[in-house]
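As structure tokens, the structure follows; a few thoughts come after it.
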Amino acid sequence: MVDEIYIPIQLGPGAYTIMRTADNSWQGQAEGGYGQWWIPDDIAKIGTFLIADGGKINGEQNLHPGLLAAAMQQNPDERGAKIDDQRMYNNSFWANHYTPANVYDCEFWVPQMLGVSGNVVALFPNGITYYYFSDNREFTWDAALKETNKIVPLCP
């Protein structure tokens, strides 16, 4: 990830390492939820890479386009695992489904990365990346989604 994605999209060096098991030596398993340090600029670049650039860096495809489309809920034939009537899980991304019943003019999905205790990176279909890092187990961002709709419409 570091050599193929993080360095080319110019993330900060805090994203280059992660805590590991086995006394934090390089041979241990990565502690998936802990020990990586993100800054707002990193999150913006990751959001741009995933949504706006479709997994490409300088025009070159770096992520498998089919897997990325499935994770971003852009392939209706590969939604992933159903969590409930409004949520799915696919390739490490959660996604919420919105329809006109949610006061929007169209149907769309919002993929998101969720972390321990309240960390959220939501990738809105209007190209806006929303993030919230917390220790309060708050994963809500519906109000932010509604506000971004005023800036850049979510529906064509």
With the condition kept exactly as written, say whether any residue in segment 61-73 is modelled with pLDDT of 95 or more and closer than 17 Å to VAL2 by Cβ.
yes
Take the residues in segment 7-59 that are part of a helix (DSSP H, G or I) and within 16 Å of ASN119 (Cα to Cα); name whichever of them is modelled with the lowest pLDDT.
ALA15
Taking the conditions exactly as written (within 20 Å of ILE39 (Cα to Cα) and in contact with a Gly (Cβ under 8 Å, 6 or more places away or on another chain)), does VAL152 satisfy them or not?
no
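The values are calculated or read from the model by the stated rules, or taken from the named source; none is laboratory data. Note that this is a predicted model, so its numbers are computed, not measured. In this analysis, Cβ positions are derived from the backbone assuming ideal geometry, glycine residues included, and neighbour counts consider all displayed protein chains.
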